[in-house]
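So the structure is just underneath, and the comments pick up after that.
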Amino acid sequence: MHYYLGVAYARTGSNAKAVASFKRVLGINGSHLESIKELADLYALSGDKENERKYRKKAELIMAQIAEQEKERREREEKEEEEC
């Protein structure tokens, strides 16, 4: 719910409220990728390069983890198929 509230705030220009909502999401789930990306975008809009970089880096790390997990899953499935 807080994520969608943040999106609504961001789309209506209430950026401070949007940031607070996305941070609330991250307080619940620190790896919520969409909230992290939204925060990076909001910080970019406000000219806060330090926080923009921080959240973009965090998003990149999470995306790399997701890609690695997906690769491992595919490899397991292929191995299971070969064993059948």
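Read the figures in this text as sums done on the coordinates, not as results from a lab. All values reported here derive from a predicted model rather than from experimental measurement. Here Cβ is always computed from backbone atoms with ideal geometry, including for glycine, and neighbour counts include all displayed protein chains.
So which residue, out of Ala20, Ala40, Ala64, gets the largest mean-square fluctuation from a GNM of the chain using Cα contacts under 10 Å as springs?
Ala64
Taking the alpha-carbon centroid of each part, what is the distance from the stretch 54-72 to the stretch 7-21 in angstrom?
25
For the chain, what does the helix formula give at 222 nm: sum of -39500 (n - 2.57) over DSSP H segments with n ≥ 4, over the residue count, nearest 500 deg cm²/dmol?
Working: 4 runs with 73 residues, N = 84.
One gets -29500 deg cm²/dmol as the mean residue ellipticity at 222 nm.
Past the 23 Å Cα-Cα mark, which pairs from Lys17/Lys54; Lys23/Lys71; Lys23/Lys58? Can you show the working numbers first?
Values: Lys17/Lys54 19 Å; Lys23/Lys71 30 Å; Lys23/Lys58 14 Å.
Pairs exceeding the cut-off: Lys23/Lys71.
Using the Cα centre of the chain as the reference point, and only Cβ charges (+1 on K/R, -1 on D/E), how large is the resulting charge dipole? Debye, rounded to the nearest 20. List each step's numbers first, then the result.
Working: 16 positive and 17 negative charges, 181 e Å.
Charge dipole, the chain, about its Cα centre: 880 debye, nearest 20.
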